[in-house]
């Protein structure tokens, strides 16, 4: 196999990858547009385990102790976990945790309500910005135990004092891929 053929095959793989990435993005945007303002008919989605949501909620509560929270007895009496699972159509873990926090926190001031109403109006009037935000949240992914708030709230978050180490670790897969391609080209040169 000649070098030109190898480059052609690599180019084809790159085009397939780019094509699939574009297709996935367009599919995600199509779903975002389709379900905006509508409750999906039914989605088979495992409900979040409340213990993970509660961990994030406790971290937020620690940082905002002056806010009024719904206690566990009232939460359980109202069967709010079931309500949460029914209305949670968030496409990211961050959104799911934010929804849980909003349901567990009582906002007494009208300023918060006014802010939410302005936000809703803004996204209604600016669908391109809304779709971009929704898409970016979807890219974050949805998995139950993400631990982001716990990490950011801990003392360990200061341990990124040497970012060069992490940059090198991030570039290593690319380096090894390029090295593998050059090694493969050299091996194929001597192939009969």
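The table below lists the values:
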{"quantity": "Candidate set: segment 27-47, residues that are over 17 Å from the mean Cα position of the chain (by Cα) and assigned to a helix (DSSP H, G or I); chosen: the one modelled with the lowest pLDDT", "calculated": "35"}
{"quantity": "Cβ pairs under 9 Å, 6+ apart, first in segment 114-132 and touching a residue at least 12 places away in the same chain (Cβ under 8 Å), second surrounded by 11 or more Cβ atoms within 10 Å (Cβ to Cβ) and in a helix (DSSP H, G or I)", "calculated": "127/33; 130/32; 130/122; 130/123; 130/124; 131/29; 131/32; 131/33"}
{"quantity": "Test: residue in segment 83-93 that is over 17 Å from residue 142 (Cβ atoms) and assigned by TED's automatic domain parsing to the domain that holds residue 136", "calculated": "yes"}
{"quantity": "Test: residue in segment 135-152 that is part of a helix (DSSP H, G or I), farther than 30 Å from residue 8 by Cβ, at pLDDT 75 or above and not assigned by TED's automatic domain parsing to the domain that holds residue 59", "calculated": "no"}
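Here is a yes/no grid of residues against (1) at pLDDT below 85; (2) over 17 Å from residue 137 (Cβ atoms); (3) not assigned by TED's automatic domain parsing to the domain that holds residue 137:
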{"residue": "7", "(1), (2), (3)": "yes, yes, yes"}
{"residue": "24", "(1), (2), (3)": "no, no, yes"}
{"residue": "49", "(1), (2), (3)": "yes, yes, no"}
{"residue": "61", "(1), (2), (3)": "yes, yes, no"}
{"residue": "69", "(1), (2), (3)": "yes, yes, no"}
{"residue": "74", "(1), (2), (3)": "no, yes, no"}
{"residue": "120", "(1), (2), (3)": "no, no, no"}
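The values are calculated or read from the model by the stated rules, or taken from the named source; none is laboratory data. Since this is a predicted model, take the numbers as computed values, not measurements. No Cβ is skipped: glycine too gets one built from the backbone with ideal geometry, and neighbour counts run over all protein chains shown.
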